[in-house]
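Heads up, the thing below is written out as structure tokens.
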Amino acid sequence: MFDWYVFCSFAGYLIMMLAIGFIFSKRQESLGDYYLGGRKMNKWVVALSAQASDMSGWLLMGLPGAIYVGGFSEAWIGIGLMIGTYLNWKIVAKRLRCCSQACGDAITIPDFICNRFRDKTGISRIVAAIIILVFFTFYTASGFVSAAKLFTSTFGIPETLTFFSLTISGYQFCLWIAAFVVVSYTLLGGYMAVCWTDFIQGSLMFFAIVLVPAIVVCNEGGFATTVNALNEINPYLQSLFTNASTAKAAGFIGLLSCMAWGLGYFGMPHILVRFMSIDNPAEIKGSRRIAMTWVIISLAAATVIGLVFHLYLKQKGLTLADVGNDPEKMFMVMINGIFSSGALSRIFAGILLSAIMAAIMSTADSQLLVSASSFSNDLYKVVLRKKASNRELIAVSRLAVGAVAIAALVMAMDTSSDFFKVVMKMVSFAWAGFGAAFGPLILLALFWRRTTLAGAVAGMVVGAVTCFVWKFVLAANASLVAAYPIFALYELAPGFIFAFIAIVVVSFFTKKPAFDPFENIAD
């Protein structure tokens, strides 16, 4: 039976997001406004927007699903992310904010790279833009898959729907609805709409992810009782060093792969642009404290969700097969089960379920905007129309948003592939691609004067190519992995290392820059 209470909560939330986009569409006067909000964002908006755009649907779906299957040993991903978040805010944020403005008032990451190395050929800008478009398409597809799972689980959408004489799968219908909403307010409002909606969505995510596991723990009788009950279900569920599903010790390669997630932060365009947009560099410190509080509590709560879902199923007398056999849907199952009766209860359930949509949208909108800015500002303007006006570039950006969304939808509709069906797999690959292609370059571009243009281009190419080859050629070869376990390592780690080496080696073998890139920036 269709749940109109939950539907109304969802509809109200989505209408509010579209309204914000419409309001900010009236406040755009330049490309800087559309892409960076005119560098006028306050510390609270920057902090929550950065972390909400970081923690996509995988925070409420992918990570809890991994914890449910592997136990607390999968929490090493969260530990790596916490460390990476802190170092990114501590080392990169303020430096990038100052350097991006000093380097020709750069408004995108490719813009910053090109200006930092005074690249008159535009090759670095073009390579960076292509990498962004490729990996963000994978990332955006993961968001659409998350949204489809949310809608089908929440509203009980049937496998096939018929509109007049047209038959379409329920899953594909949900994909199109999610894409329409995200694309609509991204098209309308640009960066300021994305930041303010992310601020609201980050707050909603935080509230939901803390409340739901707390209720399950209380129903079990408190923290101590919960710990004992989990030990009875599986003594390895709460072990940091033993996989709960295999009862085998987490190997060095596995732990290193989890911790390597933290390296990705240094190369995430949709997070880095948040640093570039803050009004006053002096507010970075306060923004970092807000962001770290959000991240630590949210990742800890997501981990708890994955663990206590075992208890929730036990409390309800259910098995995983009874609720769809998909651990990535556990948060939705828990919300619908806890708030299952009464109009007010179902309306509240709709609000909490909107938090999952918030997690999805807060990342997808940022990715679409960065992709659009890279295409219009770093490809279209450089290669096709060097004299394009601001109005024309904004129009092209909006077309690019639609194009990337369509490409991501095509990927997401491929239900025959295990890779495109699992949110965590797509997110991990896109995360690795950005971390390897841009992470080493951003660090060296900000802190090593000797870095050259040739080194920068070599690093981006090596990082991106390594991720593809490692993921789809080396790691995909079961016999090779069995003989050489190192190839089971998360592709971000070798990609980051090889890219770093490529930048340093090529920079030393090419002519030292004749200019000081930091001459107007205090160390």
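The values are calculated or read from the model by the stated rules, or taken from the named source; none is laboratory data. Please read all numbers here as calculations on a predicted model, not as lab measurements. Because the Cβ atoms are built from the backbone with ideal geometry, glycine has one as well, and the counts that use them run over all protein chains shown. Just the protein is used for accessible areas: all its heavy atoms, side chains included, with ligands, DNA and RNA removed. Shrake-Rupley method; radii C 1.70, N 1.55, O 1.52, S 1.80 Å.
Looking across the range 43-74, the residues that are at pLDDT below 85 and small (Gly, Ala, Ser) come down to Ala47, Ser49, Ala50, Ala52, Ser53, Ser56, Gly57, Gly62. Do we find a residue being assigned to a helix (DSSP H, G or I), modelled with pLDDT under 90, of a type in the set (A, V, I, L, M) and under 26 Å from Ile271 (Cβ atoms) anywhere in the range 414-423? Within the range 414-423, one or more residues are assigned to a helix (DSSP H, G or I), modelled with pLDDT under 90, of a type in the set (A, V, I, L, M) and under 26 Å from Ile271 (Cβ atoms).
Is one or more of the residues making up the range 270-280 under 26 Å from Leu446 (Cβ atoms), assigned to a helix (DSSP H, G or I) and of a type in the set (Lys, Arg)? Yes, the range 270-280 contains a residue that is under 26 Å from Leu446 (Cβ atoms), assigned to a helix (DSSP H, G or I) and of a type in the set (Lys, Arg).
Of the numbered criteria (1) within 16 Å of Ile406 (Cβ to Cβ); (2) modelled with pLDDT of 75 or more; (3) within 19 Å of the chain's Cα centre (by Cα), the one Trp176 fails is (3). Is at least one residue of the range 349-369 farther than 30 Å from Thr121 by Cα, open to solvent by 30 Å² or more (accessible area, probe 1.4 Å) and either of a type outside the set (A, V, I, L, M) or touching a residue at least 24 places away in the same chain (Cβ under 8 Å) (or both)? Checking the range 349-369: at least one residue is farther than 30 Å from Thr121 by Cα, open to solvent by 30 Å² or more (accessible area, probe 1.4 Å) and either of a type outside the set (A, V, I, L, M) or touching a residue at least 24 places away in the same chain (Cβ under 8 Å) (or both). Only residues that are acidic (Asp, Glu) and under 31 Å from the mean Cα position of the chain (by Cα): list them for the range 470-523, please. The answer is Glu491, Asp523. Restricting Ile130, Ile109, Ile126 to residues that are among the β-branched types (Val, Ile, Thr), modelled with pLDDT of 75 or more and more than 22 Å from the chain's Cα centre (by Cα) narrows the list to Ile126.
For the range 137-154, the candidate set comprises residues that are more than 22 Å from Gly350 (Cα to Cα) and of a type outside the set (Ser, Thr, Tyr); within that set, the residue that is surrounded by the fewest Cβ atoms within 10 Å (Cβ to Cβ) is Phe138. Select from the range 275-291 the residues that are in contact with a strand residue (DSSP E or B) (Cβ under 8 Å, 6 or more places away or on another chain) and either modelled with pLDDT of 85 or more or among the acidic types (Asp, Glu) (or both) and write down the one among them that is most open to solvent (accessible area, probe 1.4 Å). Only one residue tops the list, namely Asp279.
Among the residues of the range 248-263 satisfying the criterion of being farther than 21 Å from Pro64 by Cβ and assigned to a loop (DSSP other than H, G, I, E, B), which is most open to solvent (accessible area, probe 1.4 Å)? Ranking the qualifying residues of the range 248-263, first place goes to Lys248. The condition of being crowded, with 17+ Cβ neighbours inside 10 Å and at pLDDT below 70 holds for Gly37.
Scanning for something without any contact (Cβ under 8 Å) to a residue 60 or more places away in the chain and either of a type in the set (D, E, K, R) or open to solvent by 10 Å² or more (accessible area, probe 1.4 Å) (or both), does the range 116-136 turn up at least one residue? Within the range 116-136, one or more residues are without any contact (Cβ under 8 Å) to a residue 60 or more places away in the chain and either of a type in the set (D, E, K, R) or open to solvent by 10 Å² or more (accessible area, probe 1.4 Å) (or both).
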